[in-house]
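The next block holds one structure in the form of structure tokens; read it before the comments.
The values are calculated or read from the model by the stated rules, or taken from the named source; none is laboratory data. Predicted model, so just to flag it, every value in this text is computed and none were measured. Cβ coordinates were reconstructed from backbone atoms using ideal geometry, including for glycine residues, and neighbour counts include every protein chain displayed. Quick note on the areas: whole protein, heavy atoms, side chains included, nothing else; ligands and nucleic acids left out. Shrake-Rupley method; radii C 1.70, N 1.55, O 1.52, S 1.80 Å.
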Amino acid sequence: GPYLIISGRVRYTRRQPEPKEPEEVTDGTWVAEAAFWCSWRHVGNADVVSKAQVLAVDVVGVEEVLDRDPIIASITRCYAHTFHEMLVENNDDDWPDDLRVPGTHYTDIARKLPRELQLFVGQAAVDSHPSWGFFSSKAVQELEKELATGKCLLLLNASGEAERVAVVSVLRIERGDEFLVEVGVADQTQIIPSCNIPGAKCRMHDTMDQVSMVVQKCFGHLKDKVTVERVEQAVHWQESSAYRLQTKYVREIHICSLAPDVAPGGLVDTSHSPCPGALEESRIHFSVFASRREDAKVGVYAWLTQSKFDELKESPVAQRRLVGKIPHRRVLEAAM
């Protein structure tokens, strides 16, 4: 069954399927949480290093208690089903063990819950937040609007405090040592400089997969032509100044490729462009592509190496110079 480390020193060693070095288990850690939600066989040993207090949980007893509250029971059953789905979806390169099952952090599970349960949990977090008295009613309404439209999740953490979750998905479309970068956005009058990897904010209730969502937003003509090689995730926590809530910002990076004969957009221009820093005096040959976006504007893209992207990202002056060399009229004409 599952165990909760209350206090003391416990050391866990994974034995199967690939042995790992022992690691210290901190207070408040669940050991074999998976045993709550499925038939689980332990794959390692937890040894007490010094006097410790450990809580053993009777899963059958938990089920009996849950049945007393239909709403909590419904949320828990959905959580269990989602946890099990993530468990069986794990690939052989990232084996689950008694301490962790990849993809099953509370916020990861919450993102996959039915929409009505996300709203229920989120409203509970709104109602419990102690600082709303310091906020204008407009700020509270904006947060509730974010929740209702799926722009964020609101959750109560283990300490009973409200937390906000926001997710962005980006496509890093690679070609050799280069990847596709949005260097500008064109409307009917001008090209506005930028230096971004194509992406979109995720709505928690979208049924569309995230890659398709970004492709639809940025590259409508590339539908079914983008192949995902792997997915990486970057997470950072920061207090939201608007809501005074700790916010988990999740950036999901989909490493993708295009078929060799597929262009990311209509070819606009092939020219030389100055780059910042040490490359300022040199001229770099590059091709520019235009792709009509979902919002009717036109994205302007170029293949850049990581070093060129980093240099351009740090220099708004270089971004403006680069865009200044791209004929606005040709961008609109070439857009696919």
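Numbers at a glance
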{"read-out": "Cα gyration tensor shape of the chain, rounded if a/c is under 1.5, else prolate or oblate by comparing a/b with b/c", "value": "prolate"}
{"read-out": "For Lys151, distant residues with modelled amide H under 5 Å away", "value": "Met204"}
{"read-out": "Backbone HN-Hα couplings from phi across the stretch 56-63 [Karplus 6.51/-1.76/1.60, Hz, Gly and Pro as x]", "value": "9, 9, 8, 4, 4, x, 4, 4"}
{"read-out": "Accessible area of the stretch 48-109 divided out per residue, in Å², using a probe of 1.4 angstrom", "value": "64 Å²"}
{"read-out": "On Cα atoms only, tilt of 115-128 relative to the major axis of the chain in degrees", "value": "70 degrees"}
{"read-out": "Check: the stretch 19-168 dipole with +1 on Lys, Arg Cβ and -1 on Asp, Glu Cβ, in debye", "value": "600 debye"}
{"read-out": "Computed [θ] at 222 nm, helices only, for the chain once each DSSP H run of length n ≥ 4 contributes -39500 (n - 2.57)", "value": "-8500 deg cm²/dmol"}
{"read-out": "Amide H partners (placed H, <5 Å) of Cys256, local residues excluded", "value": "Arg172, Ile173, Glu174, Glu229"}
{"read-out": "Choice from Asp187, Asp58, Asp261 with maximal GNM fluctuation in the chain (Cα, 10 Å cutoff)", "value": "Asp261"}
{"read-out": "In order through the stretch 142-148: 3J(HN,Hα) via Karplus (6.51 cos²θ - 1.76 cosθ + 1.60), integer Hz, x for Gly, Pro", "value": "5, 5, 5, 5, 4, 5, 5"}
{"read-out": "Apportionment of accessible area to carbon and sulfur, the chain, percent (1.4 Å)", "value": "50 percent"}
